[in-house]
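The values are calculated or read from the model by the stated rules, or taken from the named source; none is laboratory data. These numbers were taken from a predicted model, which means no experiment stands behind them. Cβ coordinates were reconstructed from backbone atoms using ideal geometry, including for glycine residues, and neighbour counts include every protein chain displayed.
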Amino acid sequence: MGEIFGLAIVRPLGLILLGIFKIVGNYGLAVILFALLVKLVILPLTIKSKKSMLKMTALNAELQQLQKKYANNRIKLNEEMQKLYERHGVSPMSGCLPQFIPLPVMFGLYYAVQQPLKFMLGFGDEVLTELAGLVGVDPSTLNYTGQITIADRLAQMYVENGGAWPQSVTAITDGQGELLNIDFTFFGLNLAETPSFINPSLIWLIPILSGATAFLSSFVIQKMQQSKNANNAMAGQMRMLYIITPLMSLYFGFILPGSIGIYWIFNNVFTCLQEIILTKFLRGKMERQEAEQTARIEEEKQAKREAHRAAQLEQAERAKAENEKSQNAKKKKGGR
């Protein structure tokens, strides 16, 4: 990972995570609140993306008609599709771009959770290497999961030393970062521990819940995006994600520390809630706008019909008056 990315994104996120941890005093709860905070920060982008996706979904019927009509003329099809998008004020890319913008934040959060000593407490590589040697951790794992293990073993040393840091630790870290005891215990689970396929234990709950909530998240997203005119190809892709995403979450939950699994679990839960609330709110708003527009168009048509009817009536009255005038003129002329 580049130093610029680490300094510009990951370190600030690590400081925010550290601030939350200091307030709540529980690492697991801090990770959950951090996941919620990230969701709230990128909410405007999510809303923009959701609006675009709903608009695109509403156009599926017209798009399918164009695809049938110009199946043998790709150039004409693209022209007509572009006209359709312009007519409805939709950009196909507008729904995708906001989804890519939060990715650096998501990666930054991952690294902040994965490497707490560097990005939360601010220790440099030299200090981390010395701490790894002190607690018996392979220095080659410092950029992977080693820092969580070091933090966990330092916490054990802190407790065993009567709630004070041993001189061997302070000699390494003195003045080079914020030495803080991080207790990874969360509801009886050690979030610094990595679940093992071959050693069943209570921490298996984390990867299992990670896979289950990923499945639930995919299911909710699929249901919220369904429409009567859904694109078959898009629906097929969603079904693939519906299967692959939970399996990946389950697998990674077994090869990464529990703290990262906790983040994924609650990120999935927040995603489900966000998807349900936004879809119902935005779809309801769009339906109200469409109903208002339909009513306005109908009123305009009714007004035109009444105006046309009034004009016809006026014309008929004028013709009748002209006819009566002509008849009276003839009578007067005949009377002479």
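Just to be sure before I move on: is residue 221 among the β-branched types (Val, Ile, Thr), buried (at least 17 other Cβ atoms within 10 Å of the Cβ) and modelled with pLDDT under 90 in the structure I sent? Spell out how you get there, then give the answer.
Details: among the β-branched types (Val, Ile, Thr): yes; buried (at least 17 other Cβ atoms within 10 Å of the Cβ): yes; modelled with pLDDT under 90: yes.
In short, yes.
Can you find a residue that is surrounded by 15 or more Cβ atoms within 10 Å (Cβ to Cβ), at pLDDT 75 or above and over 22 Å from the mean Cα position of the chain (by Cα) anywhere in the range 39-50?
Taking every residue of the range 39-50 in turn, none turns out to be surrounded by 15 or more Cβ atoms within 10 Å (Cβ to Cβ), at pLDDT 75 or above and over 22 Å from the mean Cα position of the chain (by Cα).
Can you pull out the residues in the range 42-58 that are part of a helix (DSSP H, G or I), among the hydrophobic types (A, V, I, L, M, F, W, C) and in contact with a Pro (Cβ under 9 Å, 6 or more places away or on another chain)? Break it down into steps so the answer makes sense when it comes.
Let us first name the residues in the range 42-58 that are part of a helix (DSSP H, G or I), namely 43-58.
Filter once more, so that each one left must be among the hydrophobic types (A, V, I, L, M, F, W, C): 43, 45, 47, 53-54, 56, 58.
Scanning the range 42-58 gives 45, 47, 56.
Of the residues 61, 71, which is modelled with pLDDT under 80 and either under 19 Å from the mean Cα position of the chain (by Cα) or part of a helix (DSSP H, G or I) (or both)?
Values: 71 fails: either under 19 Å from the mean Cα position of the chain (by Cα) or part of a helix (DSSP H, G or I) (or both).
Selected residue: 61, the only one of 61, 71 that is modelled with pLDDT under 80 and either under 19 Å from the mean Cα position of the chain (by Cα) or part of a helix (DSSP H, G or I) (or both).
Please specify each residue of the range 152-167 satisfying the condition of being in a helix (DSSP H, G or I) and farther than 13 Å from residue 127 by Cβ. Before you say what the answer is, go through the steps one by one.
Within the range 152-167, the subset in a helix (DSSP H, G or I) is 152-160, 167.
Once the filter is applied, which keeps residues that are in a helix (DSSP H, G or I) and farther than 13 Å from residue 127 by Cβ, the range 152-167 yields 152, 153, 155, 156, 157, 158, 159, 160, 167.
Filter the range 144-163 for residues that are hydrophobic (A, V, I, L, M, F, W, C) and surrounded by 13 or more Cβ atoms within 10 Å (Cβ to Cβ); which is farthest from the chain's Cα centre (by Cα)?
Residues of the range 144-163 that are hydrophobic (A, V, I, L, M, F, W, C), as a first pass: 148, 150-151, 154-155, 157, 159.
Next cut, surrounded by 13 or more Cβ atoms within 10 Å (Cβ to Cβ) only: 148, 150-151, 154-155, 157.
Numbers: 148: 27, 150: 33, 151: 31, 154: 36, 155: 35, 157: 40 Å.
Looking at residues that are hydrophobic (A, V, I, L, M, F, W, C) and surrounded by 13 or more Cβ atoms within 10 Å (Cβ to Cβ), I get 157.
Listed here are the residues, each with its yes/no results for (1) outside any helix (DSSP H, G or I); (2) closer than 30 Å to residue 250 by Cα.
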residue: 108; (1), (2): no, yes
residue: 126; (1), (2): no, no
residue: 148; (1), (2): no, yes
residue: 171; (1), (2): no, no
residue: 178; (1), (2): yes, no
residue: 198; (1), (2): yes, yes
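All but one of (1) surrounded by fewer than 24 Cβ atoms within 10 Å (Cβ to Cβ); (2) in contact (Cβ under 8 Å) with a residue 24 or more places away in the chain hold for residue 119; state the number of the condition that does not hold.
(1)
Report whether or not residue 185 is out of contact with any Pro (no Cβ under 8 Å at 6 or more places or on another chain), more than 30 Å from residue 283 (Cβ to Cβ) and among the hydroxyl-bearing types (Ser, Thr, Tyr).
On the way: out of contact with any Pro (no Cβ under 8 Å at 6 or more places or on another chain): yes; more than 30 Å from residue 283 (Cβ to Cβ): yes; among the hydroxyl-bearing types (Ser, Thr, Tyr): yes.
The answer is yes for residue 185.
Tell me yes or no: at least one residue of the range 20-35 is assigned to a helix (DSSP H, G or I), among the hydroxyl-bearing types (Ser, Thr, Tyr) and modelled with pLDDT of 85 or more. Before the answer, list the steps.
Of the residues in the range 20-35, the ones assigned to a helix (DSSP H, G or I) are 20-24, 27-35.
Now drop any that are not among the hydroxyl-bearing types (Ser, Thr, Tyr), which leaves 27.
The next check asks that each one be modelled with pLDDT of 85 or more; those that pass are 27.
Within the range 20-35 (the criterion being assigned to a helix (DSSP H, G or I), among the hydroxyl-bearing types (Ser, Thr, Tyr) and modelled with pLDDT of 85 or more), the answer is yes, since at least one residue qualifies.
Taking the condition surrounded by 14 or more Cβ atoms within 10 Å (Cβ to Cβ), modelled with pLDDT of 80 or more and assigned to a helix (DSSP H, G or I), does residue 314 pass?
Working: surrounded by 14 or more Cβ atoms within 10 Å (Cβ to Cβ): no; modelled with pLDDT of 80 or more: yes; assigned to a helix (DSSP H, G or I): yes.
So residue 314 fails the test.
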